[in-house]
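Some notes on the structure that comes next.
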Amino acid sequence: MIPVAEFKQFTEQQPAFKVLKPWWDVLAEYITIAMLMIGVFGCTLQITQDKIICLPNHISADYVSQINCKEYTQSSQATNASEEESAPTPSPTSGAPREMSGLRNNLDLQQYSFINQMCYETALHWYAKYFPYLVVIHTLIFIICGNFWFKFPGTSSKIEHFISILGKCFDSPWTTRALSEVSGETTQEKEKTIERDLSKPNMDETSPATADLPVPEKIVADTPAASVLDKKEGEQAKALFEKVKKFRHHVEEGDILYSMYMRQTILKFCKFVLITVYNAALVGQIHFIVPCMVHTEDMTGYNSFCCNHTKAHLFSKLAISYICFLGVYGLTCFYTLYWLFRRPLKEYSFRSVREETGIGDIPDVKNDFAFVLHLVDQYDSLYSKRFAVFLSEVSESRLRQLNLNHEWPADKLRQKLQQTPEGRLELHLFKLPGLPDTVFEVTETESLKLELLSEAHIPPLVSKLVRLEELSLFNCPAKIQHASLSYLRDHLKVLQVKFDDVKELPLWIFSLRALEELHLFGLLSQDASKNATLESLRELKALKVLMLKSNLSKVPQTVADVASHLQKLTIQNDGTKLLTLNALKRLSLLKELELIRCDLERIPHAVFSLNNLQVLDLKENSLHTIEEIISLQHCRKLSVLRLWHNQIAYIPEHIRKLKSLEELSLNRNKILVLPPQLFLCTKLRHLDLSHNEIRELPPEVGVLQLLQFFAVTGNFIEELPNELFFCQRLKTLKLGQNKLSSLSPKIGSLTSLVKLELKGNRIDVLPPELGSCTSLKKSGFSVEHALLETLPLDVRERLSEES
């Protein structure tokens, strides 16, 4: 026996899959149930009642057609008469019919049971015998055809996944709230959907999430109270968005669901035609009286019988009913085919949903995804409407925003405020999925740094940050609304942007008319002069500082567009050789120039025409010689020259021409000898010669009476000239990692000394005169501990005193 539990799966499956069963499939299902009941009822009659009852015919017959059963029933007279008329005339040789009588052998019951069985097998038409079983088999085939796509491995997994997601989307609290959160925009929020795409060039090519969105047609009042989701609900809704995205990507690639549904419908229709034809042709073979011939004269005394098919009348009625149900079932199949072919079911448009809800970015779908949504619409279009919420990037963005606001309240953000080297209060947000609205409640923020945010939408709320002067976007796609741009255009002073591709560079930054500093970190075109992005520099009328950390091969010609107000230019290459610098000649007001890691072999000639230049930094280049340094005398205001981290082997004598030089950095080169003319630059306050190959210091170093910082760390100096201690204003003296064997007692004359580095030398004992350096404390004294112990106790105690 089959346990009842086996049928449990069918009762549980129905509620889950009902959303993918349109009305015609439901009607067909009920029709198959009715046909199955007909078949089961007929089969039950076959088992519980006698199949056929036969009585002897007293007149012998040589053929079945000669058997006359009129005397047994008047109702069958017409039928039998037609049979006689159609029966062939007996052959003369067969003899006249003779009357027969039965034998008396007390075996009547067994005789008739035998005769009944024989006649049932030989005389009754096969259709009359097996009609109920055929109905059951056909109905089961229809049931299988109607539900095969729910069981086929290639389709069942997709259907189960879709139904699971659909149910969760329908019941999700976010589904209801999104319709008010997204469509419930205020007039100010509505501008977000109609703004010009100011965030970056080629937005449509870089990320779908940054594309312009259609204007919502339905605007409802915003309800902030309804926007609060608890953490669990928010996480569940976030997971649903991911599931919908993955399901859409997986299902839209093929059309196996559509193909399978169409094939099973065509198969059902063909099966219907075949069954209808042969049932209509054979239903007339069900007779109430059936003549039968069995050669049993020796046993029973008769060879012809008239049999009563006891279920013939009922079977004929059941067959007619079955054919009627079959006809209705065929109409449903025909309508299904009509529905499948009358319009493109591989395309589905959410146009009406977009108009009704105001969520303008719900995308149209195709292939199997579109097909299952068409089926769902036949069940209830509300499912598609609520499901569409999870296809909208606006809805997802709003949910992400709510979760962010919940996760990052203003008090938590306020704890992240830090002081920058420039003295600004900076709020640094790192690797967040978006920009929390609560950021704009931290009104004391002066610098906002957004790093590795998935995307950042800067709303008009930015106007609350009345002290904001600096904005940093590090690998952070940013979109800005028109009202926000209007505020930043007049208030933002410093902007830093780091990007991997120039297409990610937001174009709106070039409309910030109050911007004074612009720092760009990323790969630009090798030919920056033809770069459309940098062409917009001319719009920055207040720009004073420009930093380009990139891979430029020439100084952009567009830099000349800001020549009238640019005061500092920094080009930091990644080692790419900077070949053309002619554009520098036009920067007549430039005060600071930094060309770092540009693979320069000489000081560029374009620099010599910068009359207002005060700072020149050529760090980490390939300078081997600086003979052309004499031309820097034309830069009469030059006070800072940094030639550090190069390959310079010697310093030319005409460096003395640089009379206005106050800072000179030649550390980390390959200098062997210091020319005495170097110390004729009498205005030097800062001189760094560390990490070279210098073996001695000329006595002319004492000429530098204004010197405050002097470093020769990492050289091969064995002795210090006494003239060094004439530099009474020295505050920092770095002598570490040399070969000094002693320290002159004249060190005590440097009363302004704050920092002294001696570690890494061969000094055995320190002079007690160090006690005269009243400004020197232990925190600024770098020396081996054992060497420190050689000082008198009172000197050590004084050094340990807090300043």
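The values are calculated or read from the model by the stated rules, or taken from the named source; none is laboratory data. The model shown is predicted, which means the values in this text are computed figures rather than measured ones. Cβ sites come from the backbone with ideal geometry, for glycine too, and all protein chains shown count toward neighbours. When the accessible area is computed, the model is the full protein with side chains, heavy atoms only, and any ligands, DNA or RNA have been set aside. Shrake-Rupley method; radii C 1.70, N 1.55, O 1.52, S 1.80 Å.
How much FRET efficiency would the formula 1/(1 + (r/R0)^6) give for Glu160 and Thr276, where r is the Cβ-Cβ distance and R0 is 30 Å, rounded to 0.05?
Using R0 = 30 Å, I get an efficiency of 0.30.
Along the Cα→Cβ direction, 7 angstrom out, place labels at Leu331 and His313. What is the inter-label distance in nm?
So the label points at Leu331 and His313 sit 3.0 nm apart.
What residues qualify as long-range amide H neighbours of Phe474, i.e. H under 5 Å apart, gap of 5 or more or another chain, H built at 1.01 Å from N?
Here the answer is Leu450, Glu451, Leu452, Lys498, since their amide H atoms fall under 5 Å of that of Phe474.
Over all directions, average the projected area of the Cα convex hull of segment 453-492 and note it in nm².
Result: 2.7 nm².
Going by the alpha-carbon gyration tensor, a ≥ b ≥ c the square roots of its eigenvalues, is segment 717-803 rounded (a/c under 1.5) or, if a/c is not under 1.5, prolate (a/b greater than b/c) versus oblate?
Taking the square roots of the gyration eigenvalues as a ≥ b ≥ c, segment 717-803 is oblate.
In Å², what does the accessible area per residue of segment 681-728 work out to with a 1.4 Å probe?
Per residue, segment 681-728 has 41 Å² of solvent-accessible surface.
Given a Förster distance of 41 Å, report the FRET efficiency between Glu628 and Ser800 from their Cβ-Cβ distance, rounded to the nearest 0.05.
0.25
Cβ neighbours within 10 Å, averaged per peptide: list 406-416, 454-464, 760-770 in order, most packed at the top.
My ranking of the peptides, most packed first, is 454-464, 760-770, 406-416.
Quick one: net charge around Tyr329, please, counting Lys, Arg +1 and Asp, Glu -1 for every other residue with C-beta under 14 Å from its C-beta.
Local net charge: 0.
Extending each Cα 7 Å along its Cβ direction at Gln728 and Thr790, get the distance between those two points in nm, one decimal.
Rounded to a tenth, the inter-label distance reads 2.9 nm.
Please list the non-local residues whose amide H lies under 5 Å from the amide H of Lys479, H modeled 1.01 Å from N, same-chain partners needing a gap of 5 or more.
Answer set, sorted by chain and number: Ala456, His457, Ile458.
Of the peptides 262-275, 378-391, how do they stack up when ordered by the mean number of other Cβ atoms within 10 Å, highest first?
378-391, 262-275
With labels modelled as points extended 7 Å from the Cα through the Cβ direction, what inter-label distance (nm, one decimal) is found for Lys243 paired with His605?
7.2
Residue separation times 0.36 nm, minus the C-alpha to C-alpha distance between Phe430 and Ser321: what's the value?
Length difference between fully extended and current span is 31.9 nm.
If Lys and Arg each add +1 and Asp and Glu each add -1, what is the summed charge of the other residues whose beta carbon sits under 12 Å from the beta carbon of Ile165?
Every neighbour counted, the sum reads +4.
For the full complex of protein chains and a 1.4 angstrom probe, list Arg248, Arg685 by accessible area with the highest value first.
Result of the area sort, largest leading: Arg685, Arg248.
With a 10 Å radius around each residue's Cβ, average the other Cβ atoms per peptide and rank 109-122, 638-651, highest first.
Sorting 109-122, 638-651 by mean packing, highest first, produces 638-651, 109-122.
Run the accessible area of segment 245-330 with a 1.4 Å probe and give the carbon-and-sulfur part as a rounded percent.
That share works out to 67 percent.
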